[in-house]
Amino acid sequence: MRDTYTQLYIHCVWATWDRLSIITPDIQPAVYAEILRQCQQLKSTPISVGGIADHVHLLVGIPPTLSISELMKAVTGSSSHFVTHVIRPNEFFKWQGSYGAFTVSSDHLDLIANYIRNQPQHQAQRSLTPQWELPSPPSAQAAIDCITAISIALTFTVPQTIDEKTMKTLIITVGTRQVGWRCQDGVVRSLGADGDRGYPPHIDQLYAEFGRQRGYYGEADKPEYRWAARHLGELIYHHCEQQGDFGAIVLPMDDEIVQKQIQDGLSEVILWGTDQPEETPWNFRRGDTCWLAKLMAGKLQQTYPDLQIQVWNPVVAVNQVATIQQYLQDFLVAHTLRCLDVSMDEPLTLQIQTKGSAPQIANSLEICAAALMRQCTVEQVIPTEPDPLFEVVDPEAKLSQTQMATGFSTVNLGEYFWPVERERILSAWKRGDFAEARVWLSAHRDRYQAVYDLAGHLALASNWQWQDTLKALMGIGWLDHAATKQKASKALRSQWRQAIQDQYKENETPESKFLKIWESRFLIYLYLQRANDTAAFMQTVQVLERLLFWRYQTEDWIQQGYLKPKDGDRSPWGTDYPASFGELIRAWRQLADVPEADPVFKDLIWANQKRNGIVHDNKSVTRQELTRFIGLAEKASIAEIYTAIEQTLEQFCPPDRPRPDLSLLQDLYQWGIEQLQG
């Protein structure tokens, strides 16, 4: 064969962060379009894309020069950026850091493409092919059986879970005391010690080290115009550059910080030095640290060759706070968003060290960094300065050595904002807006990881995805996660585990269905908290209808003659007849043996008519109508209304199966509130 010929088809599947249902119908077409556009840019041939609210399938032909990891990084990165910057600015949208990839033979492209196009139907009918889905990879034998029986793939790739890593950036505002030079006599001398404030006259001695006489800026021999950190830093930098060696540079405040943070995932250091405009008087400009930042960069690059180093020296006066903040916003926000795009689903941590800089610069960086707490973790790194700063090594010769920091501490900036933000989180949590609560909690994950994760799971539950919620809560997904173990007692987790096991069944049982029906009453409570009486009524009626439908199937009302299908023939239906709410109400009346004039039956008829009016004629339910339906006064409290609704629903339970006292959802909801309040 003279020309290279390839047929490489890949079926990829990946999920949203925490399997949240955030690919909503209004953005789904745009998300898919962006994925297809990115495939085309990569010289790939997209064949089919589809999925549901929490995951995506993609069938694509790829060139031999493109790896699967490159493809996934590009399509997930561009699509998440497209959502958060174009169609849903400032809203949460993120992909999970894992994917499945399957090679597909050309003979079976139509089969896979149709499977992808019909994802909603497969999900609804539970006709999924496990080998093509996330998150559980099939066993090796299952893979062999699948290939043998269906012959759909030349090779089989188990979905891979990528270990979650942290991308960490450290920004250091460079001050005059943060750089030292190890002289020929072994003494470390700071470039910022000028004989004032009790500091030793290191600068004079450093000029002598390099055989230079210390001079002045300008022609006037004024002490405030003497050469200082700016001039000395430039002199030493050119010396090191010519020698090709920055080994004599010492970083008293930051050496231990960088060394330790590299072990914890530090990948980039940004050094911000001061470089004031020419019109700034020399008594201020002489202390600029732009060359000290370059010396630090040289030392760090020589010590840690794989570390990314960036020097940022904007020309701005240190007393121009508004200008500094504008520079920071333009630089820091763009840099952070770029890092988030590159890191995709790797959590980003932004660290700042401002100990040695001017207060205006330190405060400005802290404010701008704090504004990014929703996008990433922001931490302040604080070196512990030695006491005293300089150690006397020879009293007679008056020789003093710059001492190293004795350690450092790390503080999440979210702690400063917690007293205020806790009230916002609690407010969102109590009214059931768990997505909003999760956004506010994102800056406090170091202390509230279990509550943050729970907010995502409860958001699923409030979207009626209870089976998905149960699955997400199990095991290390939440219940056995280290963060949850730290906050919840073993006895409490054991109680939750039993409740989950009772309800989560691959093949539903009457008991698990009954428990799930009662779990959905939690939504009634949330709607009441939001003062949404119409939604609370609709959810109440839905629970009631599900309860009656469950009884019809469990007790076989057709066979007993209480429920009569419209065609009059019982035998073909069994318990599969799709009875309407009205039919269930009338069947219940016969079962309960109550007359048509019975108040409870009349209330049910009214509820059915009211529900139809809401759906068909866009009507609403008032608080008065809701309370009258459950037999309360209009001014009843939310707690009283909710209790009365539970009691109203309970009358339709079978005599031998009363309402469950405990609700897993309500228990988790209340536990979250207690954690936030505590």
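The values are calculated or read from the model by the stated rules, or taken from the named source; none is laboratory data. Computed from a predicted model, the values in this text were never measured in an experiment. Every residue, glycine as well, gets a Cβ built from its backbone with ideal geometry; the counts of neighbours run over all protein chains shown. Side chains are part of the model used for accessible areas, which takes the heavy atoms of the whole protein and leaves out ligands, DNA and RNA. Shrake-Rupley method; radii C 1.70, N 1.55, O 1.52, S 1.80 Å.
For all pairs of alpha-carbon atoms in the range 236-363, what percent lies in each bin of width 10 Å, listed from the first bin to the last filled one?
11, 38, 36, 14, 1
Given the -39500 (n - 2.57) contribution per DSSP H run of 4+ residues, what per-residue ellipticity at 222 nm results for the chain, rounded to the nearest 500 deg cm²/dmol?
Result for the chain: -14500 deg cm²/dmol, rounded to the nearest 500.
At 0.36 nm per residue, minus the direct Cα-Cα distance, what do GLU396 and ARG37 gain on full extension? Give it in nm, one decimal, please. Provide the component values of the computation, followed by the final result.
Numbers: separation 359, 0.36 × 359 = 129.24 nm, distance 7.48 nm.
Using 0.36 nm per residue and subtracting the Cα-Cα distance, I get 121.8 nm.
Using a Debye calculation, one point per C-alpha and no hydration shell, please list log10 I(q)/I(0) for the range 6-129 at q = 0.09, 0.13, 0.19, 0.23 Å⁻¹ in order.
Results for the range 6-129 at q = 0.09, 0.13, 0.19, 0.23 Å⁻¹ read -0.23, -0.49, -1.06, -1.49.
Ranked from highest to lowest mean number of other Cβ atoms within 10 Å per residue, what is the order of the peptides 101-113, 366-378?
Result, highest mean first: 366-378, 101-113.
Let me check against my output: what whole-number percent is the relative contact order of the chain, with C-alpha pairs under 8 Å and at least 6 apart?
It rounds to 9 percent for the chain.
As a test, work out the antiparallel percent of DSSP beta bridges whose residues both lie in the chain, rounded to the nearest 5.
65 percent
To the nearest µm²/s, what D does Stokes-Einstein give for the range 74-127 at 20 °C and 1.002 mPa s, using the Kirkwood radius over alpha carbon pairs as Rh? Present the calculation step by step, with values, prior to reporting the outcome.
Values: Rh = 13.9 Å.
Approximately 154 µm²/s, per Stokes-Einstein.
When every alpha-carbon pair in the range 442-593 is counted, what percent end up more than 25 Å apart?
Numbers: 5243 of 11476 pairs.
Value for the range 442-593: 46 percent of Cα pairs lie more than 25 Å apart.
Quickly rank 480-491, 182-193 as a protection proxy: mean count of other C-beta atoms within 10 Å, highest first.
Averaged packing, sorted descending, gives the order 182-193, 480-491.
So if I restrict to the alpha-carbon atoms in the range 529-657, what is the Rg, and what is Dmax, the biggest pairwise distance, in Å?
When restricted to Cα atoms, the range 529-657 yields Rg and Dmax of 15.6, 50 Å.
Starting from the range 522-612, pick out the GluC sites (Glu not before Pro) whose DSSP state is loop and whose Cβ has at most 13 other Cβ atoms within 10 Å.
GLU596
Report, please, the projected area of the range 596-635 averaged over directions, based on the convex hull of its C-alpha atoms, in nm².
Seen from a random direction, the Cα hull of the range 596-635 projects 2.9 nm² on average.
What are the equivalent ellipsoid semi-axes of the chain, built from the alpha-carbon gyration tensor (square roots of five times its eigenvalues), in whole angstrom, biggest first?
64, 32, 21
Count the net charge of all other residues whose Cβ sits under 13 Å from the Cβ of ILE262, scoring Lys and Arg as +1 and Asp and Glu as -1. Walk me through the numbers before you get to the answer.
Details: positive: LYS168, LYS260; negative: ASP254, ASP255, GLU256, ASP264, GLU268, ASP306.
Overall, the nearby charge balance is -4.
Averaged per residue, what accessible surface does the range 533-678 expose to a 1.4 Å probe, in Å²?
Ligands and nucleic acids excluded, the figure is 51 Å² per residue.
For GLU91 and GLU506 in the same chain, what is the full-extension length gain: residue separation times 0.36 nm, less their Cα-Cα distance, in nm?
146.0 nm
Calculate what fraction, in whole %, of the accessible area of the range 190-270 sits on carbon and sulfur atoms when a 1.4 Å probe is rolled over the protein chains. Write out the running numbers ahead of the final one.
On the way: 1600 of 3810 Å².
Roughly 42 percent, rounded to a whole number.
GluC sites (Glu not before Pro) within the range 383-442: which are DSSP loop residues with at most 10 other Cβ atoms inside 10 Å?
Filter output for the range 383-442: GLU396.
In whole percent, how big is the carbon plus sulfur part of the accessible area of the range 323-461, probe 1.4 Å, protein atoms only?
Of the solvent-accessible surface of the range 323-461, carbon and sulfur hold 53 percent.
So what is the diffusion coefficient of the range 191-287 in µm² per second by Stokes-Einstein at 4 °C and 1.567 mPa s, using a Kirkwood Rh over Cα pairs?
Result for D is 83 µm²/s.
Once amide H atoms are placed 1.01 Å from N in the peptide plane, what residues at a sequence separation of 5 or more from LYS168, or on another chain, have their amide H within under 5 Å of its amide H?
The answer is SER267, GLU268, THR349.
Could you list, in their original order, any pairs among LYS94/LYS513; LYS43/LYS73; LYS260/LYS294; LYS516/LYS566; LYS471/LYS516 whose Cα atoms are separated by more than 23 Å?
LYS94/LYS513; LYS516/LYS566
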